[in-house]
1. Determine by what factor the alpha-carbon radius of gyration of the stretch 16-55 differs from 2.2 N^0.38 Å, reporting the quotient.
2. Under 37 °C and 0.692 mPa s, how fast does the chain diffuse according to Stokes-Einstein, given a Kirkwood radius computed over C-alpha pairs? Answer in µm²/s, whole number.
3. If I model a spin label at R346 and Q173 as a point 7 Å from the Cα along the Cα→Cβ vector, what separation in nanometres do I get?
4. Can you give me the Rg/Rh ratio for the stretch 268-381, using Cα atoms for both radii and the Kirkwood formula for Rh?
5. When only C-alpha pairs under 8 Å and at least 6 residues apart count, what is the relative contact order of the stretch 261-381, in percent?
6. Calculate the length of the line joining the C-alpha centroid of the stretch 323-374 to that of the stretch 153-219, in whole Å.
7. Is it possible to state the helix-based mean residue ellipticity at 222 nm for the chain, with each DSSP H run of 4+ residues giving -39500 (n - 2.57), the sum divided by total residues, to the nearest 500 deg cm²/dmol? What is it?
8. Report the normalised scattering of the stretch 319-381 as log10 I(q)/I(0) at q = 0.15, 0.19, 0.25 Å⁻¹, calculated by the Debye formula with identical scatterers on the alpha carbons.
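Rule-based calculations on the coordinates, nothing more; no lab input. Please read these numbers as outputs of a predicted model, since none were measured by experiment. So basically every Cβ, Gly included, is an ideal-geometry build from the backbone, and we count neighbours across all protein chains shown.
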Amino acid sequence: MLYPTPRLNDADQKVLAGIEDMRQELRHQIQANPGKWPHGLRKYLTADAVAASNSIEGFRVSTVDVQDLMDGERDVDVSDENREETLAYQRMMTYVQSLHDAADFSFSKGFLNALHWMLQGHRHTQRKPAGQWRAGPVFVTDPRDPSIAAYTAPDAAGVPDLAEELVAWLNTQDDAHPLVRAAMAHLHLVSIHPWADGNGRMSRSLQTLLIAREGVLAPEFSSIEAWLGRPGNTWEYYKELQRRGPVYRPDQDVASWIRFNLTAYHQQAQTVRNRAARSATVWGLLLAFTDSADLDERVISALHDVAVVGRIRRARYEQAEGLTLQQAQRDLRDLVAAGLLEPVGRTRARFYTVGPRFPERVLAVARTPMTLTAPYSDAVG
């Protein structure tokens, strides 16, 4: 038995309508700007989702370091364990994102286990096998006291049948909104807890996949993992899961879980919309600046990354502009000489940050913090 999908009340419907408006607005904004900054934003959002979801599980790698690892950089100051976890999750997420428009896609138990192998295969052991249902009990410990089981998952003998029921539900359409179905898929999988490890990231990835399959936005814009990974939100995420009780009780009302997810969708949509607007504004300002400074327009991508992300590496600039190694090195050297960039580190580990003559107006826009609204206070107001 799975949790029944709750009906939305008027406040929920109002919040959902606001989410839909922002997502459609963002879709049109991205389609109207097919240039380089949307591509960079997509890569940043993917890296942010990977960094955030891994951080929930205790693997802490900054978004900019995740970007560097995704770009194939080897000289990134992270532990071997964090590097492996980051790259494994990034590979799985890349595959999940690639399925957004697969015409003959369907869910199966084998598909879920294959995704799990992509995530956990590097940790495969006899005691904690990857890509296979767990053979024994599993407990989620209380983050405040690891000697207390905050949640005890269903008996291992029942996992195959529960997974079968979940797959059937995933392959059957109902009248629930796709964002609500995605939230329910997350809850179903994390509650069944079918593997010995990696259940949280698998559940969040499944939610991302269902949102991406909806097709409103490109997959990179479809995840709420970055929102869930913010420290205060992570704590609320744990609290919301604990509301379900210490054991699997699928006959309960889970309306609060839906409200929690609608809040996440709404605030993540606000965040992405604000990031997109800021990126577009920064790009426009840099376009005017490079023109007035008689700089080649291609250096905007390097200056833009430094402004909105905080740094740029030679390889990323080279890939973004389709340059040769020598061209990229020369451009960055010229930007350093002009005082626009500042090199940090040596040889392959080098990256570039803001230089003393970087245009202040651009930095003022890039560094102005955004304000997020609480959707339910507006919905009932």
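1. Values: Rg = 12.6 Å, N = 40, 2.2 N^0.38 = 8.9 Å.
Its radius of gyration relative to the 2.2 N^0.38 Å reference: 1.41.
2. Working: Rh = 22.3 Å.
Estimated diffusion coefficient is 147 µm²/s.
3. Going by the 7 Å Cα→Cβ label model, 6.2 nm.
4. Using only Cα positions, Rg/Rh for the stretch 268-381 is 1.08.
5. Values: 116 pairs, mean separation 35.5, N = 121.
Dividing the mean separation by the residue count of the stretch 261-381 yields 29 percent.
6. If we compute the Cα centre of each part, the gap is 41 Å.
7. Details: 16 runs with 223 residues, N = 381.
For the chain, the value works out to -19000 deg cm²/dmol.
8. Cα-only, vacuum Debye calculation for the stretch 319-381: -0.63, -0.84, -1.11.
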